[in-house]
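In what follows, a structure is listed as structure tokens, so that the remarks can point back to it.
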Amino acid sequence: MNDLDRCYRLLGLEPGASLEEVNQAYKDLAFIWHPDRIPKDNLRLHQKAQDKLKEINHARDRLREVKSRDRIPTTQSTPQKKPSSPPSYYQSTQQKKPPSSPPPGYYQSAQQKKPSPPPPPPPSYYQSSSRHKSHYESYSQPKKPYGDLSGVDLRGANLQEKDFSYRNLSKANLSEANLSDAFLHKVNLQQADLSRANLFRANLLQANLSHANLRESNLIGADFSGADLSGADLSGAKVGAGDRIMVKLTGANLRGTIMPDGSIHQ
């Protein structure tokens, strides 16, 4: 069995599967084998999960590399020939070659015609010019970091399987959005509106959901391990079937969280 067939086998796929199938298989296995889902006191299972995650990471990266390379068209570029000079070019330039020594008085006349440097601007120029001042200030202002989506309006958007890891979505409007199977690892959702949103099997490891609105949202299968849910509102949220809780909250901060039954966690 060659390396590619082994990568397909690790992801549970048949050889030749599409890139979309590779990505979906990886997400399913990463959700199952992520070490944060294993209790840390069980060292044997924790080490086994780490080894398994390394294998599926290698398989995904290897297949992505092959798929991306196959999509790039191969073209052969023909080198362009440099235009040849006319036969009489060098002869004509040799005939027009300037004399080896300049005529008398050449340096004196050149020094006399040398332009003088422009005078410096007056001392109050930069202080009085509001245009230059605003131009400088515009470049000195700090820019927002890459991935800053704070306050964005994504109401009802289909964001299934999207990757928002490490993004800033604080105070964003994600009400009724579809975030099933989305990757939200260490995302900032502080004070965000996620009411009636679908977070089925979403990966929210170590996410910041402080004072977020999760009223009537679907949280079944979601992983909030290590997440900050302090002050969040989970009133009416779906967290399981019957008495069975199907949301992972290992190590989550629930201080002041309004639980689905309306009680406040102490």
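Computed packing ranks the peptides 206-214, 231-239, 254-262 as 206-214, 231-239, 254-262, most packed first, by mean other Cβ atoms within 10 Å.
Pairs of Cα atoms nearer than 8 Å and 6+ residues apart set the relative contact order; for the stretch 3-69 it is 42 percent. Projecting the alpha carbon convex hull of the stretch 3-69 along each direction and taking the average yields 4.3 nm².
When only Cα pairs under 8 Å and 6 or more residues apart are kept, what is the percent relative contact order across the stretch 175-266? Mind showing how you got there, number by number?
Working: 292 pairs, mean separation 20.6, N = 92.
Over the stretch 175-266, the number comes to 22 percent.
Going by a ≥ b ≥ c, the root eigenvalues of the Cα gyration tensor, does the stretch 148-266 fall in the rounded group (a/c under 1.5), the prolate group (a/b larger than b/c) or the oblate group? In terms of gyration-tensor shape, rounded. Modelled spin-label separation between D163 and D70, with each label point placed 7 Å from Cα along the Cα-to-Cβ direction: 2.0 nm.
For the pair L19 and L4, the difference between a 0.36 nm per residue extended length and the Cα-Cα distance amounts to 4.1 nm.
Bear in mind these aren't lab numbers, they're just calculated from the coordinates by the rules spelled out. From a predicted model like this one, the values you see are computed outputs, not experimental measurements. Methodologically, a virtual Cβ is constructed for each residue, glycine included, from the backbone with ideal geometry; neighbour enumeration extends over all protein chains shown.
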